[in-house]
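The structure under discussion appears below in the form of structure tokens.
A short reminder: the numbers here are calculations on the coordinates, not readings from a lab. Since the structure is predicted, the reported quantities are computational estimates derived from the model, not experimental observations. Glycine also receives a Cβ, built like all others from the backbone with ideal geometry; neighbour counts cover every protein chain displayed.
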Amino acid sequence: MDLAPSPLHLLFAGVDTGLAETLAAALGARATVRAAGGAGEALAALRAQAFDAAIVQPRLEEGSGNALLGLLKREQPRVIRCLLLDDGRDAPGLAALENVHRLLEPPLDADTLLTALRAVLALRQRLESPGLAESIGRIGRLPPPPALSLELIRRTEDAQVSAREVTVLVESDPALAAKVLRLCNSAMYSGGRRIDDIHTAVVWLGNLTLRRLVLAGEVFGGVRGGEAANAHAGLRERSLQASKLAARLLPGLRADRAATAALLAGVGHLLPEVRTPWAPEPGESVEWPTYAEAGAYLLALWGLPEGLIEACALHPTPALAGEAGLGVVGACHVAWALLGDVPLDDAWVAAQGLEAERPGWTALAAEVAADTAAAAD
């Protein structure tokens, strides 16, 4: 007989305490919900009790939702951080993107919320399992963290950072800067305009696109010469295509996160032992990870945001993400499926009510493929 999962402990912070009461009634015994009107009250509650997740509204009685989410990220990183958009405007969500695991849109459905939170917790449990750590530990050499990309992401979280500052940072690695310029001048990104220097790239492409190209150059460009280098270059090109597809599939607030997630989803293929697993000794029961799990574990080691780790781990199996409709994981799945690297999950497409979108997806894939072919000519 299966035991019911333990109830989750949720903190609701916002001006609409009536919504917290409605949520508690809908969840029943499956979760406890504690309401806090302001940031100070919420932080006091979090320091006094362990919570699984915080659902935060942009407007609080005291303080701001984004500031509270930033504090949670630093002080309580294990708490799943959700921003509940409450007025239809994009600005609060854009400001908070770097601090949240999930953006929630009204009306807030209790079952959908619970499924999404349990999906995050289940993924954490899998990535923190001793068996997975032992399997990854057998790999001879893990790719190093993309230090320049991580610093670039940190710097560009500040809206006031100047184009000159970004330029100086990228140019601090001349070899990488050269790779980025080659990518900038592909037909996929240049729009027919010649880009001769990093400063022009920053101005022309913007920080978000530029940092994805830096990430692609740094993560997939570490091997020189031979079949491995060709394989890495091929993976980089497919990853950039998937990135562009994902951003088009999920426009608006989540486009950049979807694009970055799709860019990194195939990173597990950088580990040759994942493609050709080691032969375990007789009697050993270590489970070898899939490339998606191995890639997610690698992203976790690098310290990347949990939302990107989740998308990497679950993009072959989007139903496990617990998203409603097409979310970041789903866009990542569809993008890589359109490239032919993973099979499209037809049952998930039907369950999410996305069947009518398929012709548009096919047309979009053809458009991106044509852009890529033009870039190769």
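How far apart, in nanometres, would the label points at Gln125 and Arg155 be if each is projected 7 angstrom from Cα along the Cα-to-Cβ direction?
4.2
Classify the range 30-83 as rounded, prolate or oblate from the Cα gyration tensor: take a ≥ b ≥ c as the square roots of its eigenvalues, call it rounded if a/c is under 1.5, otherwise prolate when a/b beats b/c and oblate if not.
rounded
For Ala163 and Ala50, compute 0.36 nm times the residue count separating them, minus their Cα-Cα distance, and round to one decimal in nm.
Using 0.36 nm per residue and subtracting the Cα-Cα distance, I get 36.5 nm.
Return the long-range amide H neighbours of Ala13 (sequence gap of 5 or more, or a different chain), with a cut-off of under 5 Å between placed amide H atoms.
When sequence neighbours closer than 5 places are left aside, the close amide H contacts are Ala36, Ile55, Val56, Gln57.
Amide H of Thr32 versus every other amide H placed in the peptide plane: which residues, excluding those fewer than 5 positions away on the same chain, fall under 5 Å?
Under 5 Å from the amide H of Thr32 lie the amide H atoms of Leu8, His9, Leu10, each far enough along the sequence or on another chain.
Could you give me the ³J(HN,Hα) list for the range 339-353, computed from phi with Karplus coefficients 6.51, -1.76, 1.60 and θ = phi - 60°, whole Hz, x at Gly and Pro?
Each residue's phi maps through the Karplus curve to give 7, x, 8, 9, x, 5, 7, 4, 5, 5, 4, 5, 5, 8, x Hz.
Identify, among Gln57, Leu85, Leu113, the residue whose Cα sits farthest towards the positive end of the charge dipole of the range 8-127, taking +1 on the Cβ of Lys and Arg and -1 on the Cβ of Asp and Glu, with the dipole about the Cα centre.
Leu113
Which of Glu134, Glu237 comes first, and how do the rest follow, when ranked by fewest Cβ neighbours within 10 Å?
Glu134, Glu237
Check Ile80: other-chain or 5+ apart residues with amide H under 5 Å from its amide H, H built from backbone geometry?
Here the answer is Ala53, Ala54, since their amide H atoms fall under 5 Å of that of Ile80.
When the Karplus curve 6.51 cos²θ - 1.76 cosθ + 1.60 is applied with θ = phi - 60°, which whole-Hz ³J(HN,Hα) does each residue of the range 358-366 get, with x for Gly and Pro?
So the J values, rounded to whole Hz, are 4, x, x, 4, 4, 5, 5, 4, 5.
Might you report the magnitude of the Cβ-based charge dipole of the range 8-127 about its Cα centre, with Lys and Arg at +1 and Asp and Glu at -1, to the nearest 20 debye?
That gives a dipole near 660 debye.
How much length is gained if the chain between Ala231 and Ala356 is pulled fully straight, taking 0.36 nm per residue apart and subtracting their Cα-Cα distance, in nm to one decimal?
Extending this stretch completely gives an extra 41.5 nm.
Taking the alpha-carbon centroid of each part, what is the distance from the range 42-64 to the range 323-368 in angstrom?
If we compute the Cα centre of each part, the gap is 35 Å.
Inverting the mean 1/r over all pairs of different Cα atoms, compute the Kirkwood radius of the range 8-127 and quote it in Å.
By the Kirkwood definition, the hydrodynamic radius is 14.1 Å.
Give the order of Asp371, Asp52, Asp346 when sorted by the count of other beta carbons within 10 angstrom, beginning with the fewest.
Asp346, Asp371, Asp52
Along the range 44-59, what does the Karplus equation 6.51 cos²θ - 1.76 cosθ + 1.60 (θ = phi - 60°) give for ³J(HN,Hα), rounded to whole Hz, x for Gly and Pro?
Result, ordered by residue: 4, 5, 5, 7, 9, 8, 7, 10, 7, 8, 10, 9, 10, 8, x, 9 Hz.
So, counting K/R as plus one and D/E as minus one, what does the shell of residues with Cβ under 12 Å around Pro145 add up to?
-2
Between Thr32 and Ala67, 0.36 nm times their residue separation minus their Cα-Cα distance comes to what?
Extending this stretch completely gives an extra 10.2 nm.
What does the net charge come to around Leu344 if you take all other residues with beta carbon closer than 14 Å to its beta carbon, with K and R at +1 and D and E at -1?
Neighbourhood net charge equals -4.
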